[in-house]
Amino acid sequence: MAIAMEIPREYGYVVLVLVLYSFLNLWMAFQVGKARKKYKVFYPTMYAVESENKDAKLFNCVQRGHQNSLESMPVFFVMLLVGGLQHPTIAAGLGFLYILARFFYFKGYSTGVPENRLKIGGLNFLALFGLILCTTSFGINLLLREVL
């Protein structure tokens, strides 16, 4: 049995949050590029080696801040887009919180003190968990519709 669904107008907020995260990702990539020049870590080297570069930890923290965001991006995108189908304003709000937290996560990590990433940046886990709940709710409601 197929289920027809109308996309709510408020889903536009979800789409705009997705676009906003894309800009954050581009900005983080630009910061890594600047750090490559500043700390002299050239492509294709992914991470600096401390025995070869006195600023290795500083560069690696910038690189890890961006890399960690890339690693989390697929889960964030899927939870945002799917959970937003039923809960568009909640998902968009949680997505915006996630983006703000990821910005501070990156800024904190980029200080060279990895623990700084969690001061405000740790809120990204809360936002992601909220998006997981939105998506779970959507899945459960789909199953219940089929039963009725």
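Cross-link partners of LYS107 among lysines, defined as those whose alpha carbon lies under 17 angstrom from its own and excluding same-chain residues fewer than eight positions apart: LYS34, LYS38, LYS57, LYS119.
Within the shell of other residues whose beta carbon sits under 15 angstrom from the beta carbon of LYS34, the net charge comes to +4, with Lys and Arg scored +1 and Asp and Glu -1. Each Cα pair under 8 Å and six or more residues apart adds its separation to the average, and for the stretch 11-147 the resulting relative contact order is 27 percent.
Relative to one another, the C-alpha centroids of the stretch 114-134 and the stretch 43-69 are positioned 23 Å apart.
Listed peptides 74-81, 27-34 appear in the order 74-81, 27-34 once ranked by packing, highest mean of other Cβ atoms within 10 Å at the front. Where does helix 11-39 land angle-wise versus the long Cα axis of the chain, in degrees 0 to 90, nearest 10? Result, in degrees: 10. When the P(r) is computed for the chain, the part past 19 Å accounts for 57% of the Cα-Cα pairs. The modelled label-to-label distance between VAL19 and ILE3, using points 7 Å beyond Cα along the C-beta direction, is 2.9 nm. Within the same chain, aspartates and glutamates fewer than 8 places from LYS37 are excluded, and of the rest, those with a Cα less than 19 Å from its Cα are GLU50, GLU52, ASP55.
No value in this document is a laboratory result; all are computed from the given coordinates. Keep in mind that this is a model prediction, so the values were computed, not measured. Here Cβ is always computed from backbone atoms with ideal geometry, including for glycine, and neighbour counts include all displayed protein chains.
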